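A.B. asks: One structure is given below, represented as structure tokens, and several questions about it will come after.
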Amino acid sequence: MRFSVKPLLRLSGYLLYTLVVLVVMLWLLFPSAAVRQRLEYQLQTMTPGLQWSIGNISLALPADIVLTDITITDKHASKKPLFTVDSLSLRPSLQTLLKARQLSAEYRLDLLGGYLSGGLRLGDDRDTVLFSGKANGLEMTGLKKIVRGFDRTVSGTLSAVFTGKYMVRGSGGLELDGKVELLKGEISFLSPVLGMEKLVFNQLSSRIQYGPMEIKIANGRLDSRLLSGDFSGTIEPGGNIFESQLDVSGGLVPRPEFLATIGDGSMVNQLKRQLKGGKLPFVISGTLEEPGIVFTGLPTGLNQRKQGGKK
């Protein structure tokens with residue numbers, strides 16, 4: 001019996017043609033409106049105080065799901081968006097699904113002038129989402145509408161690397177472990193601190209471990225033209241972000257540039273006598289909205305001294 005490959009090749013060609021047409025039709029006829037409405041409904045159910053709007057959902061080669069112009073608005077306040085995500089792309093891993101029967105995907109969010117990217121997968125218990133990623137080039141001034149109740153200015157360019165998990169059901173919530181770095185920014189104060197109206201820094205970094213009951217801060221580092229320092233502590237989440245309780249301590253190293261701004265030799269000497277191991281100890285307590293910082297044994301008039309916010 002002779003066997004010819006021609007019919008098999010012809011059949012394969014028909015099947016390939018049919019598959020290509022099917023993929024093209026799926027891309028062209030993707031029901032983006034229905035998916036968009038369903039997703040907006042789910043997000044608003046999860047966050048009752050927020051209004052979500054997704055500009056468009058589409059498919060892109062090789063297998064990306066792309067959401068663009070995502071805006072988040074406070075239902076009970078201004079109609080202007082609190083926050084905007086330029087785009088979110090999700091690329092499911094078909095290979096992992098077929099080989100390990102595990103749902104996983106790569107993601108990327110373009111926002112705040114930078115991006116957030118990484119991977120996520122569904123845990124074996126089907127109730128936990130495990131994730132990892134990095135952030136790069138995020139401009140903190142873009143968050144001012146979200147923290148509009150915060151009476152201080154926070155600016156700088158954020159980068160981070162992180163891992164974590166989110167428990168979909170139960171009271172576990174979100175857990176996160178990562179290193180955060182803020183470059184070339186400033187933090188304004190409610191009242192002068194060491195005579196400064198604001199802290200202008202070159203670098204501010206720390207390791208952060210976020211849990212439902214407590215946020216741990218470790219290996220904190222500060223570098224500015226006037227001061228350097230280290231810090232660590234905890235933040236206890238409150239009813240809202242501004243009610244979170246602070247318990248942070250550390251030490252500051254005054255640079256010669258800072259001492260030169262005091263302009264009073266006796267005050268400089270008194271300040272130097274309070275240094276322990278070359279550092280000026282401090283403790284920050286109170287809430288995020290109204291924090292208090294204490295330096296032991298400082299000269300009485302130091303906080304009244306006016307100091308410009310230079311690096």
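A.B. asks: For residue 117, tell me the accessible area in Å² from a 1.4 Å probe, rounded to the nearest 10.
C.D. replies: My reading of the accessible area for residue 117 is about 20 Å².
A.B. asks: With 5 Å bins from zero, work out the P(r) of segment 157-213 over every alpha carbon pair and list the percent per bin.
C.D. replies: 4, 16, 17, 14, 15, 13, 10, 7, 3, 1
A.B. asks: Stokes-Einstein D for segment 185-234 at 20 °C, 1.002 mPa s, Kirkwood Rh over Cα pairs, in µm²/s?
C.D. replies: Values: Rh = 12.1 Å.
Approximately 177 µm²/s, per Stokes-Einstein.
A.B. asks: How much length is gained on full extension from residue 77 to residue 102, taking 0.36 nm per residue of separation minus their Cα-Cα distance? Can you show the working numbers first?
C.D. replies: Values: separation 25, 0.36 × 25 = 9.00 nm, distance 4.13 nm.
Extending this stretch completely gives an extra 4.9 nm.
A.B. asks: How many Å³ per residue does the convex hull of the Cα positions in segment 171-259 occupy?
C.D. replies: On the way: hull volume 8.9 nm³, N = 89.
Normalising the Cα hull of segment 171-259 by residue number yields 100 Å³.
A.B. asks: Can you pull the one-decimal nm distance between simple spin-label points at residue 95 and residue 139, each 7 Å off the Cα toward Cβ?
C.D. replies: A separation of 3.7 nm, rounded to one decimal place.
A.B. asks: In a shell of Cβ-Cβ distance under 11 Å around residue 187, excluding residue 187 itself, what net charge do Lys and Arg (+1) and Asp and Glu (-1) give? If you can, show how the numbers build up before the last one.
C.D. replies: Numbers: positive: 152, 198; negative: 186, 197.
That works out to 0.
A.B. asks: Quick check: at a probe of 1.4 Å, how many percent of the accessible area of segment 189-299 sits on carbon and sulfur atoms?
C.D. replies: Working: 2990 of 5740 Å².
Within segment 189-299, the accessible surface is 52 percent carbon and sulfur.
A.B. asks: At a Cα cut-off below 19 Å, give the aspartates and glutamates reachable from residue 216, other chains included and same-chain residues fewer than 8 away excluded.
C.D. replies: Correct list for residue 216: 175, 177, 181, 230, 236, 243, 247, 289.
A.B. asks: With each label point set 7 Å from Cα along the Cα-Cβ vector, what nm distance links residue 242 and residue 43?
C.D. replies: Simple spin-label model gives 2.5 nm for this pair.
A.B. asks: Mind scanning 75/165; 80/144; 79/145 and naming the pairs with a C-alpha gap bigger than 20 Å?
C.D. replies: Those over the limit are 75/165.
A.B. asks: May I ask for the equivalent-ellipsoid semi-axes of segment 127-284, computed as the square root of five times each C-alpha gyration tensor eigenvalue and listed largest first in whole Å? Intermediate values should be presented prior to the final figure.
C.D. replies: Numbers: eigenvalues 220, 56, 47 Å².
They are 33, 17, 15 Å, listed largest first.
A.B. asks: Can you order the peptides 262-270, 247-255 by their average number of other Cβ atoms within 10 Å per residue, highest first? Don't jump to the answer; show the numbers that get you there.
C.D. replies: Values: 262-270: 13.6, 247-255: 17.4.
So the peptides 262-270, 247-255, ranked by packing, come out 247-255, 262-270.
A.B. asks: Report the calculated FRET efficiency for residue 273 and residue 159 (r = Cβ-Cβ distance, R0 = 35 Å), to the nearest 0.05.
C.D. replies: On the way: r = 39 Å, r/R0 = 1.10.
The computed FRET efficiency comes out at 0.35.
A.B. asks: Next question. Quick check: pseudo-label points 7 Å beyond the Cα along Cα→Cβ at residue 52 and residue 183, how many nm apart are they?
C.D. replies: It is 3.2 nm.
A.B. asks: Subtracting the Cα-Cα distance from 0.36 nm times the residue separation, let me have the gained length for residue 259 to residue 207 in nm, one decimal. Walk me through the numbers before you get to the answer.
C.D. replies: Values: separation 52, 0.36 × 52 = 18.72 nm, distance 2.97 nm.
My answer for the length gained is 15.8 nm.
A.B. asks: Related question: Once Rh is set to the Kirkwood radius over Cα pairs, what Stokes-Einstein translational diffusion coefficient, in µm²/s, holds for segment 244-301 at a temperature of 10 °C and a viscosity of 1.306 mPa s? Write out the running numbers ahead of the final one.
C.D. replies: Details: Rh = 12.5 Å.
In µm²/s, the coefficient rounds to 127.
The values are calculated or read from the model by the stated rules, or taken from the named source; none is laboratory data. Note that the structure is predicted; figures quoted are calculated from it, not measured. Cβ: placed from backbone, ideal geometry, glycine included. Neighbour counts: every protein chain shown. Ligands, DNA and RNA are stripped out before the accessible areas are found, and what is left, the full protein with its side chains, is counted by its heavy atoms. Shrake-Rupley method; radii C 1.70, N 1.55, O 1.52, S 1.80 Å.
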